[in-house]
Amino acid sequence: MTKDARRAVYQERFYENEGLPELIALVDDKHRRILDVGCGNGANMSLLAAKGHRTTGVTLSFSEAGECRRRELECLVCDLNEELPFVDKSFDALLFSHVLEHVAFPEILLRKVLNLVADDGAIYVALPNVMQFRQRYEFLRGRFQYAENGLMDRTHLRFFDFKTARQLLTAAGLKVVVHYGVGKVPLRPIRKMFPALAGKLDSIGARLWPGLFAFHILLVGVRE
């Protein structure tokens, strides 16, 4: 596949989501200027703006950029494989919410963009856990099938579990200061009858066994 063909795949996609509040909650209040790398429809930028942060988004999708601008959010169409149009230390933090798995060499990308972050800044990352229990079951059944979205999104180039997610940031020269999982445990009957209890059990399960129950792997990295 040529470079232009790969680029066209993302230019034509539109990732609809409601943002990831658990990741946004990690963003330090002192990190006011945030670059949302691979910003999708702007949902995370809206959550950040509601907390008083100043946001800029970059995406390769023209439709996503248009949706961000409709929400009155600043967004540029950029290719992450090329130099981003910002000067050094333009931002207090970078946000990568389910983006790095779409990149062939994410550790190289992280090193390349680190110059955009202030000295006391941070990198906030969310990655999908390919070893989450439902996907483990599919692997046990001998099924490795791509889908239009989710853990096996057909545009994913890299796959991470709880351990290798941390290794990604350390390979990029970052010190991991936050690392935990967010997900759900299989509680179908209890979830409907006792939603508050189910929420607590989800939190406990994802904390004690993140490799099994976490869907989102959340990390915060800073300079060593």
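Among the residues of the range 166-196, just one is touching a His at 6+ places or on another chain (Cβ under 8 Å) and touching a residue at least 60 places away in the same chain (Cβ under 8 Å), namely Val182. Within the range 23-53, the set of residues being open to solvent by 10 Å² or more (accessible area, probe 1.4 Å), outside any loop (DSSP other than H, G, I, E, B) and in contact with a Phe, Trp or Tyr (Cβ under 9 Å, 6 or more places away or on another chain) comprises Arg33 only.
From the list Glu101, Glu82, pick out the single residue that is at negative phi, surrounded by fewer than 20 Cβ atoms within 10 Å (Cβ to Cβ) and among the acidic types (Asp, Glu). If you could, list the steps in order and put the result at the bottom.
Working: Glu101 fails: surrounded by fewer than 20 Cβ atoms within 10 Å (Cβ to Cβ).
When all the criteria are applied, what remains is Glu82.
For the range 63-120, name all the residues that are of a type in the set (Lys, Arg) and under 20 Å from Asn44 (Cβ atoms). Those that are of a type in the set (Lys, Arg) and under 20 Å from Asn44 (Cβ atoms): Arg69, Arg70, Arg71. Quick check on Ala126: is it open to solvent by less than 70 Å² (accessible area, probe 1.4 Å) and touching a Gly at 6+ places or on another chain (Cβ under 6 Å)? Answer is no for this residue. For the range 159-196, which residues satisfy the criterion of being surrounded by fewer than 19 Cβ atoms within 10 Å (Cβ to Cβ) and of a type in the set (Gly, Ala, Ser)? Selection gives Ala171, Gly173, Ala196. Just name the residue that is most open to solvent (accessible area, probe 1.4 Å) out of those in the range 104-122 that are among the hydrophobic types (A, V, I, L, M, F, W, C) and within 20 Å of Phe159 (Cβ to Cβ). Among residues in the range 104-122 that are among the hydrophobic types (A, V, I, L, M, F, W, C) and within 20 Å of Phe159 (Cβ to Cβ), the one most open to solvent (accessible area, probe 1.4 Å) is Phe105.
Please indicate, with yes or no, whether at least one residue in the range 58-65 is closer than 20 Å to Leu114 by Cα and either polar (S, T, N, Q) or open to solvent by less than 10 Å² (accessible area, probe 1.4 Å) (or both). Looking for residues that are closer than 20 Å to Leu114 by Cα and either polar (S, T, N, Q) or open to solvent by less than 10 Å² (accessible area, probe 1.4 Å) (or both), one finds at least one in the range 58-65, hence yes. Quick test for you: out of Gly221, Gly199, Gly150, pick the one residue that is touching a residue at least 24 places away in the same chain (Cβ under 8 Å) and either surrounded by 13 or more Cβ atoms within 10 Å (Cβ to Cβ) or out of contact with any helix residue (DSSP H, G or I) (no Cβ under 7 Å at 6 or more places or on another chain) (or both). Residue meeting the stated conditions: Gly221. With respect to the conditions (1) farther than 14 Å from Leu169 by Cα; (2) surrounded by 17 or more Cβ atoms within 10 Å (Cβ to Cβ); (3) not polar (S, T, N, Q), Arg70 falls short on a single one, namely (2).
The values are calculated or read from the model by the stated rules, or taken from the named source; none is laboratory data. The model shown is predicted, which means the values in this text are computed figures rather than measured ones. Counting neighbours? That spans all protein chains shown, and the Cβs are built from the backbone with ideal geometry, glycine included. Quick note on the areas: whole protein, heavy atoms, side chains included, nothing else; ligands and nucleic acids left out. Shrake-Rupley method; radii C 1.70, N 1.55, O 1.52, S 1.80 Å.
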